[in-house]
Amino acid sequence: MIRLTAGSASDPGRVRRGNQDHALLSDLVFAVADGMGGHQGGEVASEVAVTELGASEAFATLDDLVAAVHRSNDRVVDRSREDPELRGMGTTLCVLAALGPDRLGVANVGDSRIYLGEAGGLLQLTEDHSLVEALVRDGRLTRDEAAVHPQRNIVTRALGIDDKVLVDAWELAPVPGDRYVICSDGLFNEVAAIDIAATLNRIDDPEAAAAALVEAANKAGGRDNVTVVVVDVLDAPEFDDPPRDRVVATRRAVPEGARPMAATDGAAASLDPDDGGGIVDEMVDAETDGAAAETPASVPFITWRLGIFVVAVLFVMGVLLTSVVLYARSTYYVGIDGDEVVVYRGRPGGVLWFDPTVEEEVSLRVAEVDESDLDDLLDGREFDSLDEARQYGVELQLRAEPADPSNP
Ligand code: MG
């Protein structure tokens with residue numbers, strides 16, 4: 001038989017008023033849910049999800065565990081349909097549970113995480129269903145950029161949004177002495193993995209370790225609700241040669257979009273940036289953006305949020321381009337073109353892809369220029385207006401000596 005022991009801690013953090021996270025601890029089932037949605041919606045969604053999950057005391061197989069997550073989804077969807085105030089609420093759900101007598105199971109929807117503590121490090125077992133994670137996978141963001149990205153709260157899957165939900169799941173070999181951490185993003189957005197690992201190594205008692213991690217998140221800023229469940233494997237049947245990540249089977253949700261969608265009703269025919277097809281569950285952490293409460297069950301791929309983002313990017317690019325053009329083309333300088341002195345429009349050497357162009361000739365050959373003016377001309381003497389450049393041309397002519405006095 002598997003024996004597990006666990007401790008947990010949860011805190012609203014230092015910025016938010018309420019706590020929309022919920023944790024579940026029973027003998028063999030442990031979970032963290034991070035709710036989102038205004039009007040207490042997030043709080044309700046995460047509570048409903050873990051309560052439904054907690055109704056099952058144990059699971060025989062990974063399929064059973066995944067089925068329980070689907071039931072949690074159904075309960076959150078039902079609740080949000082019953083109460084208009086709760087419409088649009090959703091929650092992440094990350095669960096670790098015993099499967100039968102000799103396996104552990106993990107299931108995940110959203111961007112809460114399960115880590116396996118290792119000597120000197122942490123192994124992230126779950127994959128975030130988030131916008132930044134999809135961008136990292138596409139090579140459009142680095143891990144470091146994702147960690148501080150302003151849209152890192154946007155999840156691409158959540159419970160409570162649609163009747164269908166995509167659940168990823170893993171079957172693990174339990175090894176006595178292993179320590180797992182289930183946490184909401186309020187922990188890993190504030191505390192570096194290396195510091196989480198150090199705390200787990202330092203403190204034996206799971207409850208004290210969870211409390212220390214929550215305290216570390218608050219010390220680092222506490223900008224989000226933070227919930228941590230630490231689960232220790234006390235005892236388990238011997239497993240031959242367990243893999244380093246303990247994963248013995250993986251069951252990823254197959255997105256519906258893998259098949260062409262008929263979309264006869266025009267709804268739900270959308271792309272999931274996470275999986276290349278399927279149902280989009282775009283949710284925004286409610287306290288970051290209260291409008292998430294209005295997110296419909298099925299949102300079109302191009303949401304108003306994406307539209308505003310695109311318009312803003314185009315606007316900023318337009319302003320930058322205009323500034324560069326103004327900077328590159330608004331001035332004049334007097335310089336040399338071949339063996340003639342000319343007035344250029346632009347800046348000496350050009351700016352980005354804007355090269356200077358000859359505006360007019362000065363009627364002066366380089367050979368005629370007074371020696372004291374040559375350095376200026378080689379560098380290009382700059383002026384704010386064409387008139388000033390012309391005036392300088394006249395001065396050059398006055399100082400010049402004709403190259404051949406017999407032919408002025
Ligand atoms: Mg959170």
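Set side by side, the residues VAL132, VAL109, VAL148 differ, and just one is within 16 Å of the ligand (Cβ to nearest atom), surrounded by fewer than 19 Cβ atoms within 10 Å (Cβ to Cβ) and closer than 28 Å to LEU306 by Cβ, which is VAL148.
This table checks each residue for (1) touching a Lys or Arg at 6+ places or on another chain (Cβ under 9 Å); (2) on the phi < 0 side of the Ramachandran plot; (3) part of a helix (DSSP H, G or I).
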residue: ARG75; (1), (2), (3): no, yes, yes
residue: ASP78; (1), (2), (3): no, yes, yes
residue: GLY88; (1), (2), (3): no, no, no
residue: ASP111; (1), (2), (3): yes, yes, no
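Residue-level check: of (1) of a type in the set (D, E, K, R); (2) at pLDDT below 95; (3) within 16 Å of the ligand (Cβ to nearest atom), ASP138 misses just (3).
Working carefully through the options ALA31, ALA6, ALA60, ALA23, find the one that is closer than 18 Å to LEU104 by Cβ, surrounded by fewer than 24 Cβ atoms within 10 Å (Cβ to Cβ) and within 15 Å of the ligand (Cβ to nearest atom).
Numbers: ALA31 fails: surrounded by fewer than 24 Cβ atoms within 10 Å (Cβ to Cβ); ALA6 fails: within 15 Å of the ligand (Cβ to nearest atom); ALA60 fails: within 15 Å of the ligand (Cβ to nearest atom).
So the residue among ALA31, ALA6, ALA60, ALA23 that is closer than 18 Å to LEU104 by Cβ, surrounded by fewer than 24 Cβ atoms within 10 Å (Cβ to Cβ) and within 15 Å of the ligand (Cβ to nearest atom) is ALA23.
Residues in segment 152-163: is at least one surrounded by fewer than 22 Cβ atoms within 10 Å (Cβ to Cβ), away from the ligand (no atom under 15 Å from the Cβ) and part of a helix (DSSP H, G or I)? Checked segment 152-163: no residue is surrounded by fewer than 22 Cβ atoms within 10 Å (Cβ to Cβ), away from the ligand (no atom under 15 Å from the Cβ) and part of a helix (DSSP H, G or I).
Considering segment 228-248 alone, what residues qualify as being away from the ligand (no atom under 16 Å from the Cβ), closer than 22 Å to ASP111 by Cα and surrounded by 21 or more Cβ atoms within 10 Å (Cβ to Cβ)? VAL230, VAL231, ARG246, listed by residue number.
Of the numbered conditions (1) more than 16 Å from the ligand (Cβ to nearest atom); (2) within 30 Å of THR5 (Cβ to Cβ); (3) among the charged types (D, E, K, R), ASP83 fails exactly one; give the number of that condition. So the condition that ASP83 fails would be (2). Looking at the structure I just gave you, is ASP27 at pLDDT below 95 and under 18 Å from LEU172 (Cα atoms)? Taking the combined requirement at face value, the residue satisfies it.
Given the criterion part of a loop (DSSP other than H, G, I, E, B) and at pLDDT 95 or above, identify the matching residue among GLY13, GLY18. Even if it seems obvious, please write down each step before you answer.
Working: GLY18 fails: at pLDDT 95 or above.
Residue meeting the stated conditions: GLY13.
Among the helices (runs of 4 or more DSSP H) confined to segment 172-227, the ones with at least 2 residues that are away from the ligand (no atom under 16 Å from the Cβ) are located at 193-202, 206-219.
Just one of the listed residues (VAL132, VAL95, VAL106) is of a type in the set (A, V, I, L, M) and outside any strand (DSSP E or B), namely VAL132.
The values are calculated or read from the model by the stated rules, or taken from the named source; none is laboratory data. Please read these numbers as outputs of a predicted model, since none were measured by experiment. Every residue, glycine among them, receives a Cβ derived from its backbone with ideal geometry; neighbour counts consider all protein chains shown.
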